[in-house]
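Okay, structure first, notes after.
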Amino acid sequence: MKTINENVIVKVLEEESEAGGMILPDTHQKAKFGAGVVLAVEDDCAIKVGDTVFFDTILLTSVKIKGEDLKFIKFSDILGYEEGKELLDSLDE
């Protein structure tokens, strides 16, 4: 996979479900923070494939690629990251 325009493709590690499927007005939405493993990123980016990134889940765009639910997020919306491919290797098992 390749990304453009500073997008990062991640597999979310833990995702909270929506309560009762209710849609709340923006004034009632609270930020939910999550973590995901980077699956694709531009070559000149500070983060690499296999790193774990932390982000506000409201900023994610959902996509289904090859039957797998993945998320797109802008690099500028990533709050922090942890280097390492150990977690990525365990997802393949």
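The values are calculated or read from the model by the stated rules, or taken from the named source; none is laboratory data. Not measured: the values here are computed from a predicted model. Cβ coordinates were reconstructed from backbone atoms using ideal geometry, including for glycine residues, and neighbour counts include every protein chain displayed. Ligands, DNA and RNA are stripped out before the accessible areas are found, and what is left, the full protein with its side chains, is counted by its heavy atoms. Shrake-Rupley method; radii C 1.70, N 1.55, O 1.52, S 1.80 Å.
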Selection count where residues are farther than 13 Å from Asn7 by Cβ and open to solvent by 70 Å² or more (accessible area, probe 1.4 Å), scope segment 63-74: 4
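The rows are residues; the columns are (1) modelled with pLDDT of 90 or more; (2) surrounded by fewer than 13 Cβ atoms within 10 Å (Cβ to Cβ); (3) β-branched (Val, Ile, Thr); (4) more than 15 Å from the chain's Cα centre (by Cα).
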| residue | (1), (2), (3), (4) |
| --- | --- |
| Leu24 | no, yes, no, yes |
| Phe55 | yes, no, no, no |
| Leu59 | no, no, no, no |
| Ser76 | yes, yes, no, no |
Number of the condition not met by Ile58 [criteria: (1) of a type in the set (A, V, I, L, M, F, W, C); (2) in contact with a Lys or Arg (Cβ under 8 Å, 6 or more places away or on another chain); (3) within 16 Å of Lys2 (Cβ to Cβ)]: (3)
All positions within segment 1-22 that are open to solvent by 30 Å² or more (accessible area, probe 1.4 Å), at pLDDT 60 or above and out of contact with any Gly (no Cβ under 8 Å at 6 or more places or on another chain): Met1, Lys2, Ile4, Asn5, Glu6, Asn7
Of residues in segment 29-53 being within 15 Å of Asn7 (Cα to Cα) and open to solvent by 60 Å² or more (accessible area, probe 1.4 Å), the one nearest to the chain's Cα centre (by Cα): Lys48
Residues of segment 26-49 that turn out to be at pLDDT below 55 and part of a strand (DSSP E or B), as a count: 0
